[in-house]
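This report concerns only the one structure given below.
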Amino acid sequence: MNGSAKQFDGDPDMPLLWYLRDTLDMTGTKFGCGMGHCGSCHVDSKATRACVTPMKGAEGKNILTIEGLSTNGDYSVQQVWKTCNVAQCGYCQPGQIVQAAALLKEKPKPSDSRGS
């Protein structure tokens, strides 16, 4: 979890989101729609929907959350979010930031054109 090992001995069907928020007190990952539209964390470098990912699917994996991008909010995508005043209510913003980070890791120079 964000670079450190964590132990989980609860219900393997519990959503990763509730483990993050209720057990680890990592409240950056939000519960928004509950249908997995935002992609609020990375599991083994792939954007993942924590609200619909059971803990058994996260076992032994590297998990990165919004808290793991930067301890003080200075990750490049977070800075652009602030500069451009992107944030509105905030529920889906952490997921969108983590999704953008996943895209940039996979494709450092994305474009608007399809197939590029």
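When the residues of segment 37-92 are narrowed to those that are at positive phi and either surrounded by fewer than 17 Cβ atoms within 10 Å (Cβ to Cβ) or β-branched (Val, Ile, Thr) (or both), which ends up modelled with the lowest pLDDT? Steps first, answer last, please.
Within segment 37-92, the subset at positive phi is 39, 44-45, 60, 73, 85, 90.
From the residues that got through so far, the ones that are either surrounded by fewer than 17 Cβ atoms within 10 Å (Cβ to Cβ) or β-branched (Val, Ile, Thr) (or both) too are 44-45, 60, 73, 85, 90.
Numbers: Asp44: 77, Ser45: 75, Gly60: 90, Gly73: 83, Asn85: 83, Gly90: 68.
Filtering segment 37-92 for residues that are at positive phi and either surrounded by fewer than 17 Cβ atoms within 10 Å (Cβ to Cβ) or β-branched (Val, Ile, Thr) (or both), the one modelled with the lowest pLDDT comes out as Gly90.
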| message | Being aliphatic (A, V, I, L, M) and within 12 Å of the chain's Cα centre (by Cα) is the requirement here; does Leu24 meet it? | response | no
| If the Cβ limit is 6 Å and pairs must be 6+ apart or interchain, which residue in segment 11-24 that is touching a residue at least 40 places away in the same chain (Cβ under 8 Å) pairs with which residue that is assigned to a loop (DSSP other than H, G, I, E, B) and among the aliphatic types (A, V, I, L, M)? | Leu16/Ala50; Leu16/Ala58; Leu20/Met26
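The values are calculated or read from the model by the stated rules, or taken from the named source; none is laboratory data. Since the structure is predicted, the reported quantities are computational estimates derived from the model, not experimental observations. When we count neighbours, we look across all protein chains shown, and the Cβ atoms used for this are built from the backbone with ideal geometry, even at glycine.
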